[in-house]
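Below is one structure, written out as structure tokens, with a few remarks after it.
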């Protein structure tokens, strides 16, 4: 009995040691593994907790945040971006509109997080098509969190959702319109809603079957002030569906340019463009 | 096999002194079995191979496994073709051989519908080369030391080696080469393993 329990303990110890070894990022099972060190997991909920705990940058219903997209493999630029954002006064948070990684590998997400964690304010992400490659979706969930989530800050509901329909073979379920409808319907205490996704609905990588239902759903909710995206690697702003809703796409990180968005009232916003120098 | 023999001959030409100093380690046949943990080819990978070129070249095939907990979903299966070159294995006492440096390359394929050989093979993308790389196939290179124990002739498994490897893969290397703020140490992966032969 005793020797068997000792044996169990020894095997248990070996398993614990083994999982610790597997846990250390050097002893990697596969570049496709969905592993993040304990202190780097689930950044979305950690950053939302930080956001909830910090005092807002402005009084009243004003919210001010940084928007950029496509950090994929631009680690040098990300470092310079962080230095630049840290010099901006009165920012609530930073939003990265998808394509955190280039190859959908967990270690890329770790490299980006290592840089973004030096931001003085919380950062939030939405999943991009590159983050879904291979086992990337699982790696994204481990490093950041849910593919669809929403949060309220300063009277604003931010809805962050997966619109990378092509990565699901246009299966008619991405973006998840039922979930989006529920988030849009919940307007208690909300002055306005902002949607953040990676692929904008006027791009060929958005599920063509869902373009109409998606834009109609947003149209039915007048509190939607802005639709923010990235993916096409250039800044665009306009009303492509001629329905009064402004769709905006962010600069990719490699352009060394980002936006600071200030929102107030129901639909007022100000867009500032910040360029930053190459440090290296 | 011929190509491996040629590679061995080439290696012998490149390192003539080492090749002369190198005598095949006695007592064990050319076949070997391998078990490895980490190194990017599975949480655990098992396989085997056949020694070539005066036992300085070890081509092998391994099958790796990543459990659900680390895969974040269905377990991953990985098939790896790997070759290790052992330029020298000096004796340390009666039974031990130390190879301070082995080098090699590998090619692996991760199984599953999540991974594509080429992006156009999925039929999901509008243009050829929508994604330029393969998410299923990785090419890697490694270096590392090895310690070999050669037992008495009567022993069943006469020869046991333990090894460590620091490796990287094509996509990590591309990331390193396109960034100054990424350090070479950050793209390394550790693998630990053992090989036995009779």
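Among the numbered conditions (1) surrounded by 23 or more Cβ atoms within 10 Å (Cβ to Cβ); (2) in contact (Cβ under 8 Å) with a residue 12 or more places away in the chain, the only one that residue B:71 does not meet is (2).
Please verify whether residue A:106 is more than 20 Å from residue A:196 (Cα to Cα), in the same structural domain as residue A:156 (by TED's automatic domain parsing) and in contact with a helix residue (DSSP H, G or I) (Cβ under 9 Å, 6 or more places away or on another chain), treating the condition exactly as stated. Taking the combined requirement at face value, the residue satisfies it. For region A:259-273, does any single residue satisfy the condition of being touching a helix residue (DSSP H, G or I) at 6+ places or on another chain (Cβ under 7 Å) and at negative phi? Within region A:259-273, none of the residues are touching a helix residue (DSSP H, G or I) at 6+ places or on another chain (Cβ under 7 Å) and at negative phi.
For residue A:77, state whether it is touching a residue at least 24 places away in the same chain (Cβ under 8 Å), within 12 Å of chain B (Cβ to nearest Cβ), out of contact with any strand residue (DSSP E or B) (no Cβ under 7 Å at 6 or more places or on another chain) and within 17 Å of residue A:256 (Cβ to Cβ). Against the criterion (touching a residue at least 24 places away in the same chain (Cβ under 8 Å), within 12 Å of chain B (Cβ to nearest Cβ), out of contact with any strand residue (DSSP E or B) (no Cβ under 7 Å at 6 or more places or on another chain) and within 17 Å of residue A:256 (Cβ to Cβ)), residue A:77 qualifies.
The rows are residues; the columns are (1) surrounded by fewer than 21 Cβ atoms within 10 Å (Cβ to Cβ); (2) farther than 17 Å from residue A:98 by Cβ; (3) in contact (Cβ under 8 Å) with a residue 40 or more places away in the chain.
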| position | (1), (2), (3) |
| --- | --- |
| A:195 | no, no, no |
| A:206 | no, no, yes |
| A:229 | no, no, yes |
| A:239 | yes, yes, no |
| A:267 | yes, yes, yes |
| A:270 | yes, yes, no |
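Do the conditions hold for residue B:64, that is, is it at pLDDT 95 or above, crowded, with 17+ Cβ neighbours inside 10 Å, closer than 27 Å to residue B:31 by Cβ and within 11 Å of another protein chain (Cβ to nearest Cβ)? Taking the combined requirement at face value, the residue satisfies it.
Looking across region A:95-115, the residues that are outside any loop (DSSP other than H, G, I, E, B) and either more than 17 Å from residue A:40 (Cβ to Cβ) or within 13 Å of another protein chain (Cβ to nearest Cβ) (or both) come down to A:95, A:106, A:107, A:108, A:109, A:110, A:111, A:112, A:113, A:114, A:115.
Taking only region A:150-171 into account, find how many residues are surrounded by fewer than 20 Cβ atoms within 10 Å (Cβ to Cβ) and in a strand (DSSP E or B). Selection size over region A:150-171: 3.
Of all residues in region A:248-280, those being farther than 18 Å from residue A:73 by Cβ and part of a loop (DSSP other than H, G, I, E, B) number 5. Picking from residues in region B:108-146 that are in contact with a strand residue (DSSP E or B) (Cβ under 6 Å, 6 or more places away or on another chain) and crowded, with 17+ Cβ neighbours inside 10 Å, the one that is farthest from residue A:33 (Cα to Cα) is B:146. None of B:162, B:141, B:194, B:152 is within 25 Å of residue B:32 (Cα to Cα), out of contact with any helix residue (DSSP H, G or I) (no Cβ under 8 Å at 6 or more places or on another chain), more than 10 Å from chain A (Cβ to nearest Cβ) and part of a loop (DSSP other than H, G, I, E, B) except B:152. Apart from one condition, residue A:118 fits all of (1) in a loop (DSSP other than H, G, I, E, B); (2) touching a strand residue (DSSP E or B) at 6+ places or on another chain (Cβ under 9 Å); (3) within 28 Å of residue B:187 (Cα to Cα); (4) without any contact (Cβ under 8 Å) to a residue 40 or more places away in the chain; the exception is (2).
Residue B:174: closer than 20 Å to residue A:107 by Cβ, at pLDDT 95 or above and out of contact with any helix residue (DSSP H, G or I) (no Cβ under 9 Å at 6 or more places or on another chain), yes or no? Considered against the rule, which asks whether it is closer than 20 Å to residue A:107 by Cβ, at pLDDT 95 or above and out of contact with any helix residue (DSSP H, G or I) (no Cβ under 9 Å at 6 or more places or on another chain), residue B:174 comes out as yes. Residue selection: residue A:17 satisfies the criterion of being within 14 Å of chain B (Cβ to nearest Cβ), in a helix (DSSP H, G or I) and modelled with pLDDT under 95.
Output the residues belonging to region A:80-94 that are outside any loop (DSSP other than H, G, I, E, B) and either within 14 Å of chain B (Cβ to nearest Cβ) or farther than 18 Å from residue A:229 by Cα (or both).
A:80, A:81, A:82, A:83, A:84, A:85 - these are the residues of region A:80-94 that are outside any loop (DSSP other than H, G, I, E, B) and either within 14 Å of chain B (Cβ to nearest Cβ) or farther than 18 Å from residue A:229 by Cα (or both).
A residue that is in contact with a strand residue (DSSP E or B) (Cβ under 7 Å, 6 or more places away or on another chain), within 30 Å of residue B:141 (Cα to Cα) and within 13 Å of another protein chain (Cβ to nearest Cβ) occurs nowhere in region A:34-52.
Looking across region A:121-142, the residues that are touching a strand residue (DSSP E or B) at 6+ places or on another chain (Cβ under 9 Å) and closer than 30 Å to residue B:113 by Cβ come down to A:125, A:126, A:127, A:128, A:131, A:134, A:135, A:140.
Output the residues belonging to region B:75-102 that are outside any loop (DSSP other than H, G, I, E, B) and within 14 Å of another protein chain (Cβ to nearest Cβ).
Those that are outside any loop (DSSP other than H, G, I, E, B) and within 14 Å of another protein chain (Cβ to nearest Cβ): B:76, B:77, B:78, B:79, B:80.
The values are calculated or read from the model by the stated rules, or taken from the named source; none is laboratory data. None of these values were measured; they are calculated from a predicted model. So basically every Cβ, Gly included, is an ideal-geometry build from the backbone, and we count neighbours across all protein chains shown.
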